[in-house]
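The values are calculated or read from the model by the stated rules, or taken from the named source; none is laboratory data. Note that the structure is a prediction, hence the values are computed from the model and not measured. Here the Cβ positions follow ideal geometry from the backbone for every residue, glycine too, while neighbour counts run over all protein chains shown. Please note that ligands, DNA and RNA were not included when accessible areas were found on the heavy atoms of the full protein model with its side chains. Shrake-Rupley method; radii C 1.70, N 1.55, O 1.52, S 1.80 Å.
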Amino acid sequence: MNRRDQILDEAARLFAARGFTGVTMAEIGSACGISGPALYKHFASKEALLAQMLVSISQTLLGRGQQLSDSAAEPAQILEALVGWHVEFAITHPDLIVVQSRDWAWLPEADRERVRDLQRRYLSLWADQLRALDPRLSEPAAQAKAHALFGLLNSTPHSSLLPAEQMRTMLADMAVGAVGPGAGRVLAR
């Protein structure tokens, strides 16, 4: 892992534990084994660090979501793959989910808009697959259903009472069940 990624990981861990305003650059630097001022070689400010963190995760989710959606698979299979991808992300990155839900308001407005745009596009990927699976769904209903699925899947930082593999299975089963009839088989284990 390079230094920049280490800084982002440590910052996410600290922000998740204490909130964006509860962490100083010096504390992030200390967690990385460098001085606070040395962080400024990598990020112009704490806000810039947060922006990189949240823009990057939004780009990652959208990029992988697009790859899965562009496959030649049936809508049910694409939804299964999207669920599997998002479950894996949620299980392996709980700190980022906490930071995203709690601290994104600290982003500068331009970065907040960029994150919102990426998130809207990711939501649309899911809504498109939900509508392909059930053409009776209106666009607003499909988006609401996708938001509800995200709420379930992103609950992992608050509900990780089981080992990761059991959480993966439970979340995937619940999400596929929530999609409803026609969603296809439960994700392979």
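Points to keep in mind about this one:
- Summed side-chain charge close to Pro37 - residues other than Pro37 whose Cβ falls under 15 Å, Lys, Arg +1, Asp, Glu -1: +2
- Of the DSSP H helices in the chain, those whose Cα atoms cover at least 27 Å axially and whose Kyte score averages 1.6 or more: none
- Each label point was placed 7 Å from the Cα along the Cα-to-Cβ direction; for Ala132 and Ala31 their separation is 3.8 nm.
- Given their separation in residues at 0.36 nm each and the Cα-Cα distance between them, Thr60 and Ser101 gain 13.1 nm when the chain is fully extended.
- Averaging over all projection directions, the Cα-based convex hull of the chain occupies 11.3 nm² in the image plane.
- Solvent-accessible surface (1.4 Å probe) assigned to Ile91 amounts to roughly 30 Å².
- For the range 1-70, the fraction of alpha-carbon pairs lying more than 16 Å apart is 47 percent, rounded to a whole number.
- Label-to-label distance, nm, for residues given as Met1 and Met170 (7 Å Cα→Cβ offset): 2.6 nm
- Summary of the geometry: the range 88-128 and the range 133-162, compared by the centres of their Cα atoms, lie 14 Å apart.
- Taking every protein chain into account, the accessible area of the range 1-120 amounts to 47 square angstrom per residue (probe 1.4 Å).
- Carbon and sulfur %, accessible surface of the range 68-189 computed with the full protein complex present, 1.4 Å: 59 percent
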